[in-house]
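Novice: Next up is a structure, given as structure tokens.
The values are calculated or read from the model by the stated rules, or taken from the named source; none is laboratory data. All figures in this text were calculated on a predicted structure; none of them were measured in a lab. We place every Cβ from the backbone using ideal geometry, glycine too, and count neighbours over all the protein chains shown.
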Amino acid sequence: MAALSSSSSSSSDAAVTVRGRVEAVFYSSPKFSAGRLRAADGSHVTFAGPMMAAVHDALILIGAWTVDPRYGQQLKVTSFTFDQDLDASGLAHFLSNHEDIRGIGPVKAERIALTFGRDFDQVIEHEPQRVADVAKVSAEVVDQLRTVWLQYRAFNTVATWLASFGLTHYQIKSLIEQFGNSTAALLKRDPYLLADALPGFGFRRLDDVARKMGIAKEHPSRVRAGIVSCVDERVGEGLPLALIGSVDRVFCRFAGGDACRERSLA
């Protein structure tokens with residue numbers, strides 16, 4: 001069994017946390033993935049849960065042990081984050097396997113990882129020539145490596161933040177592809193942008209994410225998204241627009257009593 005952090009025991013109900021790298025994916029979709037992870041202690045963990053995993057992803061999986069009649073013991077994942085704290089082995093793996101990094105094979109990747117370890121992030125950003133000297137590669141190669149690493153770091157920072165709200169890997173990638181480095185800033189200002197950015201992301205789930213971010217009940221974007229959702233539902237049920245009710249009544253349903261009283265006095 002893999003080395004665990006958090007609480008753990010032989011009980012299938014005990015919450016466990018496993019850190020490692022995805023070694024194989026048996027099935028993957030935007031809503032569910034199953035695969036095998038190589039844990040930090042070298043053991044293998046079969047996992048399954050509501051996420052979209054890809055080979056080589058460095059993840060921290062949180063869940064509980066279960067025994068599947070067909071696949072045996074596996075970790076039933078309830079949540080996950082991207083692991084941004086790579087040790088020397090993880091860093092070497094990343095450098096030698098990333099499809100966008102050219103000119104850095106396993107030997108050079110290991111040399112870089114062993115030389116800089118956890119200081120690599122600062123060195124590649126501020127002193128890239130040191131990396132070029134150790135790996136004996138050209139400035140062009142290390143410049144490309146620096147670009148890829150900084151993109152990876154930015155992606156993981158935002159992805160980990162989004163994953164904390166229950167978004168899937170597929171949804172996270174979709175958002176970052178649309179908004180780039182501005183993803184976190186835009187969603188913190190108006191999380192209801194998700195309604196347009198992620199088709200099928202229902203208002204109730206969207207509202208749950210927004211409320212966790214601290215968005216007020218009477219926030220204009222929340223009221224607007226709520227009204228649109230309510231009207232869409234009623235129209236979908238075949239109810240004529242004329243019978244749905246006034247915008248004021250729908251506003252009150254989503255904004256709450258205080259906001260309604262303020263609106264009535266305006």
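Novice: If I ask for residues that are surrounded by fewer than 20 Cβ atoms within 10 Å (Cβ to Cβ), in contact with a helix residue (DSSP H, G or I) (Cβ under 8 Å, 6 or more places away or on another chain) and among the β-branched types (Val, Ile, Thr), which ones from the range 105-115 would you list?
Specialist: Within the range 105-115, 115 is the sole residue that qualifies.
Novice: Could you list, in sequence order, the residues of the range 114-167 that are in a helix (DSSP H, G or I) and among the β-branched types (Val, Ile, Thr)?
Specialist: From the range 114-167, those in a helix (DSSP H, G or I) are 114-126, 128-135, 139-163; that's our starting set.
Across the range 114-167, the qualifying residues are 115, 123, 124, 131, 134, 141, 142, 147, 148, 157, 158, 160.
Novice: Residue 110 - would you say it is of a type in the set (Asp, Glu) and within 17 Å of residue 135 (Cα to Cα)?
Specialist: Values: of a type in the set (Asp, Glu): yes; within 17 Å of residue 135 (Cα to Cα): yes.
So residue 110 passes the test.
Novice: Then there is this: So, of the residues in the range 46-100 that are among the polar types (S, T, N, Q) and either part of a loop (DSSP other than H, G, I, E, B) or under 16 Å from the mean Cα position of the chain (by Cα) (or both), which turns out to be nearest to residue 14 (Cα to Cα)? Show your work before the answer.
Specialist: At the first step, the residues of the range 46-100 found to be among the polar types (S, T, N, Q) are 46, 66, 73-74, 78-79, 81, 84, 89, 96-97.
If we keep only those that are either part of a loop (DSSP other than H, G, I, E, B) or under 16 Å from the mean Cα position of the chain (by Cα) (or both) as well, we get 78-79, 81, 84.
Details: 78: 12, 79: 14, 81: 19, 84: 25 Å.
The selected residue is 78.
Novice: Moving to a separate point now. Give the range 1-43 a look and list any residue that's under 22 Å from residue 171 (Cα atoms) and either hydrophobic (A, V, I, L, M, F, W, C) or at pLDDT below 65 (or both), or say none.
Specialist: Result: 22, 24, 25, 26, 32, 34, 37.
Per-residue answers, yes or no, for (1) hydroxyl-bearing (Ser, Thr, Tyr); (2) free of Cβ contacts under 8 Å to residues at least 60 places away in the same chain; (3) surrounded by fewer than 20 Cβ atoms within 10 Å (Cβ to Cβ); (4) assigned by TED's automatic domain parsing to the domain that holds residue 140:
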position: 31; (1), (2), (3), (4): no, no, yes, no
position: 40; (1), (2), (3), (4): no, yes, yes, no
position: 55; (1), (2), (3), (4): no, yes, yes, no
position: 62; (1), (2), (3), (4): no, yes, yes, no
position: 70; (1), (2), (3), (4): no, yes, yes, no
position: 103; (1), (2), (3), (4): no, yes, yes, yes
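Novice: Looking at this structure, is residue 221 without any contact (Cβ under 8 Å) to a residue 12 or more places away in the chain, over 19 Å from residue 84 (Cβ atoms), part of a helix (DSSP H, G or I) and polar (S, T, N, Q)? Walk me through it before giving the result.
Specialist: Values: without any contact (Cβ under 8 Å) to a residue 12 or more places away in the chain: no; over 19 Å from residue 84 (Cβ atoms): yes; part of a helix (DSSP H, G or I): yes; polar (S, T, N, Q): yes.
Taking the combined requirement at face value, the residue does not satisfy it.
Novice: Testing residue 53 on (1) modelled with pLDDT of 90 or more; (2) touching a Gly at 6+ places or on another chain (Cβ under 6 Å); (3) of a type outside the set (D, E, K, R); (4) within 16 Å of residue 163 (Cβ to Cβ), one condition comes back false. Which one is that?
Specialist: (1)
Novice: Pairs under 7 Å by beta carbon, first residue under 16 Å from residue 165 (Cα atoms) in the range 176-201, partner assigned to a helix (DSSP H, G or I) and among the hydroxyl-bearing types (Ser, Thr, Tyr), six or more apart or different chains?
Specialist: 176/183; 190/221; 192/221; 198/174
Novice: Moving to a separate point now. Using the structure shown, decide if residue 111 is among the charged types (D, E, K, R), in a helix (DSSP H, G or I) and farther than 18 Å from residue 152 by Cα.
Specialist: On the way: among the charged types (D, E, K, R): yes; in a helix (DSSP H, G or I): yes; farther than 18 Å from residue 152 by Cα: yes.
Here the answer is yes, as residue 111 does meet what is asked.
Novice: Out of (1) in contact with a helix residue (DSSP H, G or I) (Cβ under 7 Å, 6 or more places away or on another chain); (2) in contact (Cβ under 8 Å) with a residue 24 or more places away in the chain; (3) crowded, with 19+ Cβ neighbours inside 10 Å, the odd one out for residue 48 is which?
Specialist: (1)
Novice: Sort through 91, 95 and tell me the only one that's crowded, with 20+ Cβ neighbours inside 10 Å, under 15 Å from residue 20 (Cβ atoms) and touching a residue at least 12 places away in the same chain (Cβ under 8 Å).
Specialist: On the way: 95 fails: under 15 Å from residue 20 (Cβ atoms).
Sole residue among the options that is crowded, with 20+ Cβ neighbours inside 10 Å, under 15 Å from residue 20 (Cβ atoms) and touching a residue at least 12 places away in the same chain (Cβ under 8 Å): 91.
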